[in-house]
Amino acid sequence: MVRDPNRLSIAVQKSGRLSDESIALLKRCGIRFAFSKDQLFCYGENLPIDLLLVRDDDIPQLLRDNVCDLGIVGQNVAQEYALSNALRNGSSAYTELRRLDFGYCRLAIAIPEALPFADLDDLNGRRIATTYPAITRRFLDENGLSAEIVSLSGSVEIAPSLGTADAIADIVSSGATLRANKLREVATVVQSSAVMLQSAKPMSAANREFLDRLLLRIDGALQVKESKYVMLHAPRNAVEAISRLIPGAETPSILPLAGHPDKVALHAVCTETVLWEHLESLKEAGASSILVLPVEKMLL
Ligand code: PRT
Ligand code: ZN
């Protein structure tokens, strides 16, 4: 594939835990894609943005090699790459543009359930199996621990039962895999979510301008997920108190209510989750006719 310098290219995971949500986010930003026959490439039909569908582990290197401008990957993968390559050359491959609201997990240390554990010092002298040797090494160094790292390429959770390690440092989300392997979590090494990264290589002015527009849309799309539009009627003398009770709303609009000089209509965009408890306290403060509506699009 020949790279078109006038189109922004974004590397996303081809198939795995981040694929659907990465593509869904970009679609929510209004980009329509046509997939190539080999499913390795997506062509943006209405905007000059193309997707490269690759393995997640390849994304940091693709950014370093300037094969793509942007990439969506887990912080765990990005950090492991940055730490292990920092040893070889000082310059960084990417900058983190946005934290995204999916792919949440943590890199955690787990040990066999039966093994006693009082504090981190119990890891001294142990062998820890992981596919994240650089992040794990940093954690051990920061905590002044001396453990041996056993670097594996997969199936880390079975290392203790095979006898190749005493503990593991692996990605956990629900904890079901640890439980199934009779392991218990004893420390969090790092929290992670998906992030949007930008190649450290300079981009053309046209692409830079287009990236700014894309980021505005991404911010809007991220914000919109939690946002609700609240409409209610309020006694004039309770407007201030009621405004303070609306979760995450900055400046509500106050509109006159025809035929009710003592009342106003109050409209506000909430950036936090609106719970039933919020509505109950609004009602107690004098609000009536409370409506909560979903927000479809938002440009901040
Ligand atoms: O083929 P490719 O290399 O692209 O994919 P992959 O198999 O390397 O990655 P994939 O799709 O499994 O994960 C992609 C990214 O999703 C990871 O880099 C993390 O940033 C994020 N993520 C979120 C997770 C998990 N949750 C997760 N639960 N990545 C892996 N897991 C695995 C974990 O390794 C363990 O085996 O799920 C198991 C634990 O899950 P629980 O729910 O049982 O705790
Ligand atoms: Zn991978």
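The values are calculated or read from the model by the stated rules, or taken from the named source; none is laboratory data. Note that the structure is predicted; figures quoted are calculated from it, not measured. In this analysis, Cβ positions are derived from the backbone assuming ideal geometry, glycine residues included, and neighbour counts consider all displayed protein chains.
Given the structure, is residue 92 in contact with a Pro (Cβ under 8 Å, 6 or more places away or on another chain), farther than 22 Å from residue 219 by Cα and small (Gly, Ala, Ser)?
no
Taking the stated definitions as given, is residue 138 within 24 Å of the chain's Cα centre (by Cα), assigned to a strand (DSSP E or B) and surrounded by fewer than 23 Cβ atoms within 10 Å (Cβ to Cβ)?
no
Output the number of residues of the stretch 46-77 satisfying the condition of being farther than 23 Å from residue 28 by Cβ and more than 16 Å from ligand 2 (Cβ to nearest atom).
Adding up the residues that qualify gives 4.
Taking into account only those residues within the stretch 248-300 that are part of a loop (DSSP other than H, G, I, E, B) and of a type in the set (Asp, Glu), which is farthest from residue 225 (Cα to Cα)?
This residue is 262.
Have a look at 208, 217, 213 and point out the one that is assigned to a helix (DSSP H, G or I), in contact with a Gly (Cβ under 9 Å, 6 or more places away or on another chain) and assigned by TED's automatic domain parsing to the domain that holds residue 64.
217
Six or more apart or on different chains, Cβ atoms under 6 Å: show the pairs whose first residue is in the stretch 273-292 and within 12 Å of residue 245 (Cα to Cα) and whose second is in a loop (DSSP other than H, G, I, E, B).
274/247; 278/247
Quick test of your reading of the structure: residue 169 fulfils all but one of (1) in contact with a helix residue (DSSP H, G or I) (Cβ under 8 Å, 6 or more places away or on another chain); (2) outside any helix (DSSP H, G or I); (3) in the same structural domain as residue 82 (by TED's automatic domain parsing); (4) not hydroxyl-bearing (Ser, Thr, Tyr). Name the failing condition by number.
(3)
Anything in the stretch 179-227 that is more than 22 Å from the chain's Cα centre (by Cα), polar (S, T, N, Q) and closer than 21 Å to residue 96 by Cβ? List them, or say none.
Passing the criteria: only 207.
Where residues in the stretch 24-42 are within 16 Å of the chain's Cα centre (by Cα) and without any contact (Cβ under 8 Å) to a residue 40 or more places away in the chain, which of them is surrounded by the fewest Cβ atoms within 10 Å (Cβ to Cβ)?
Here the residue is 24.
I need every pair where a residue in the stretch 172-183 that is touching a residue at least 60 places away in the same chain (Cβ under 8 Å) has its Cβ under 7 Å from the Cβ of a residue that is small (Gly, Ala, Ser), sequence separation at least 6 or different chains.
What qualifies is 172/108; 178/110; 183/110.
Taking the stretch 124-168 as the region of interest, how many residues are away from ligand 2 (no atom under 16 Å from the Cβ) and small (Gly, Ala, Ser)?
The number of residues fulfilling the criteria is 10.
If you take the residues of the stretch 70-129 that are among the polar types (S, T, N, Q) and not in a helix (DSSP H, G or I), which of them is nearest to the chain's Cα centre (by Cα)?
Taking the candidates together, the pick is 95.
Can you tell me which residue within the stretch 1-23, out of those that are among the acidic types (Asp, Glu) and within 16 Å of ligand 2 (Cβ to nearest atom), is farthest from the chain's Cα centre (by Cα)?
Looking at residues that are among the acidic types (Asp, Glu) and within 16 Å of ligand 2 (Cβ to nearest atom), I get 20.
Can you tell me which residue within the stretch 175-222, out of those that are surrounded by fewer than 17 Cβ atoms within 10 Å (Cβ to Cβ) and of a type in the set (S, T, N, Q), is farthest from ligand 2 (Cβ to nearest atom)?
Restricting to residues being surrounded by fewer than 17 Cβ atoms within 10 Å (Cβ to Cβ) and of a type in the set (S, T, N, Q), the top hit is 204.
Answer with yes or no whether residue 113 is among the acidic types (Asp, Glu) and within 15 Å of ligand 1 (Cβ to nearest atom).
Answer is no for this residue.
Considering only residues that are in contact (Cβ under 8 Å) with a residue 24 or more places away in the chain and over 19 Å from the mean Cα position of the chain (by Cα), which ones fall in the stretch 51-66?
52, 61, 62, 64, 66
Could you please find all residues in the stretch 10-63 being within 13 Å of ligand 1 (Cβ to nearest atom), touching a strand residue (DSSP E or B) at 6+ places or on another chain (Cβ under 8 Å), part of a helix (DSSP H, G or I) and charged (D, E, K, R)?
21, 56, 58
Taking the stretch 141-164 as the region of interest, how many residues are assigned to a loop (DSSP other than H, G, I, E, B) and within 16 Å of ligand 1 (Cβ to nearest atom)? Reasoning before the result, please.
Step one: list which residues in the stretch 141-164 are assigned to a loop (DSSP other than H, G, I, E, B), which gives 143-147, 152-155, 163-164.
From what is left, the residues that are within 16 Å of ligand 1 (Cβ to nearest atom) are 152-155.
Residues in the stretch 141-164 being assigned to a loop (DSSP other than H, G, I, E, B) and within 16 Å of ligand 1 (Cβ to nearest atom): 4 in total.
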